[in-house]
Amino acid sequence: GDLALAFEELKKKLDAQGLFALERKIPLPSMPERIGVVTSPDGAALQDILKVARKRAPWVEFRLAAAAVQGAAASAEIASGIKLLDDSGWPQVIIVGRGGGAPEDLWAFNEEKVVRAIADCDTPIVSAVGHEVDVTLADLAADLRAPTPSAAAEMCLPDRESLSKRVADFQSRLQRALQLRITELRRWLKDYALTILKQRIPAIWREESQRTDELSRRLESAILQLLERRRSTLEQLRARHQSANPRAILARGYSVVRKPGHPKPIIRSDELVPADDIDITFHTGTAEAVVKRCEGDS
């Protein structure tokens, strides 16, 4: 009862000051490469965020501003962590939050200093406190509210399918734009040549016609070179994306061997002994096997 009353009173006060206004919200970048996180270094929230990032965008860098997420010192440490990351100018987006808990455990995210730190942050900030049913004043002040820390990472990072489609769409638009430009320039060159033909005597026209042809060849060459550079850049992006996909490695005939219940792959024969159970993951499907013999490198 006392916490609920304090929550409503502070919410009413801060709302009247415009801290929750929609016009204050900053849109998130579409493909951030640097993400700041304000949470406990020992909590599950940080690991949940990193786990999602490893699957969706393993090239993204993270920087942690460690803070207590409950207790007397929590609100000051959270507010300080937000300001530290924001003032550094390093992150393109900040995630602040923690895992679930009782209302009193989450109370630091209802403290005025935390809410004001979020509202004053110039970097887009995502609040991810507790579970979906938990709503804090930090959620209302943030640019985006995520129901869980894992969901916050998903909101910040595009999945591989979305990224591939974006690259393909960009390539298609670029090709159409360049083709349209080539057509327009050819039409202009043709009109220019006709003007010269009408205004000049035949001998000069022949000279101008030759010059026009040369300009046309140079222009086409320059545009083709530009298109090739853009194509090369797109191929590099596609290759970078493909290299980050572990299933592409499995498609070439490789497989992943693990002990049942262990996520870490087996990479050396001396990690196994005869009669060990193993799980084998192929490009499509899995198999269970028992080790008969272990041998080292020949």
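With respect to the conditions (1) exposed (fewer than 11 other Cβ atoms within 10 Å of the Cβ); (2) out of contact with any Asp or Glu (no Cβ under 9 Å at 6 or more places or on another chain), residue 46 lacks only one, and its number is (1).
Here is a yes/no grid of residues against (1) of a type in the set (Gly, Ala, Ser); (2) over 30 Å from residue 214 (Cβ atoms); (3) modelled with pLDDT of 80 or more:
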site: 131; (1), (2), (3): no, yes, yes
site: 135; (1), (2), (3): no, yes, yes
site: 144; (1), (2), (3): no, yes, yes
site: 153; (1), (2), (3): yes, yes, yes
site: 161; (1), (2), (3): no, yes, no
site: 170; (1), (2), (3): no, yes, no
site: 174; (1), (2), (3): no, no, yes
site: 181; (1), (2), (3): no, no, yes
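For every residue, the table says whether it meets (1) part of a loop (DSSP other than H, G, I, E, B); (2) at pLDDT 95 or above; (3) not assigned by TED's automatic domain parsing to the domain that holds residue 128.
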position	(1), (2), (3)
14	no, yes, no
42	yes, no, no
54	no, no, no
63	no, yes, no
84	no, yes, no
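Is it the case, given these coordinates, that residue 71 is surrounded by fewer than 15 Cβ atoms within 10 Å (Cβ to Cβ), over 17 Å from residue 129 (Cβ atoms) and of a type in the set (Gly, Ala, Ser)? Considered against the rule, which asks whether it is surrounded by fewer than 15 Cβ atoms within 10 Å (Cβ to Cβ), over 17 Å from residue 129 (Cβ atoms) and of a type in the set (Gly, Ala, Ser), residue 71 comes out as no. If you go through the range 129-140 and keep only what is in contact (Cβ under 8 Å) with a residue 40 or more places away in the chain and closer than 15 Å to residue 75 by Cα, you end up with 137, 138. Looking across the range 18-40, just one residue is among the charged types (D, E, K, R), under 16 Å from residue 85 (Cα atoms) and either part of a loop (DSSP other than H, G, I, E, B) or without any contact (Cβ under 8 Å) to a residue 12 or more places away in the chain (or both), and that is 33.
In this structure, residue 222 qualifies as modelled with pLDDT of 80 or more and not charged (D, E, K, R).
Out of contact with any helix residue (DSSP H, G or I) (no Cβ under 6 Å at 6 or more places or on another chain) and among the small types (Gly, Ala, Ser): is that true of residue 203 in this structure? So residue 203 fits the description; yes.
For the range 100-118, name all the residues that are buried (at least 21 other Cβ atoms within 10 Å of the Cβ) and either touching a strand residue (DSSP E or B) at 6+ places or on another chain (Cβ under 7 Å) or not polar (S, T, N, Q) (or both). Please lay out each step first, then the result.
Initial filter on the range 100-118 (buried (at least 21 other Cβ atoms within 10 Å of the Cβ)): 106, 108-110, 114-115, 117-118.
Answer for the range 100-118, where residues must be buried (at least 21 other Cβ atoms within 10 Å of the Cβ) and either touching a strand residue (DSSP E or B) at 6+ places or on another chain (Cβ under 7 Å) or not polar (S, T, N, Q) (or both): 106, 108, 109, 114, 115, 117, 118.
Of the residues making up the range 103-118, one or more are within 22 Å of the chain's Cα centre (by Cα) and in the same structural domain as residue 47 (by TED's automatic domain parsing).
The values are calculated or read from the model by the stated rules, or taken from the named source; none is laboratory data. Remember, predicted model here, so these are calculated numbers, not experimental data. Ideal geometry is used to build each Cβ from the backbone, glycine not excepted, and the neighbour counts take in all protein chains shown.
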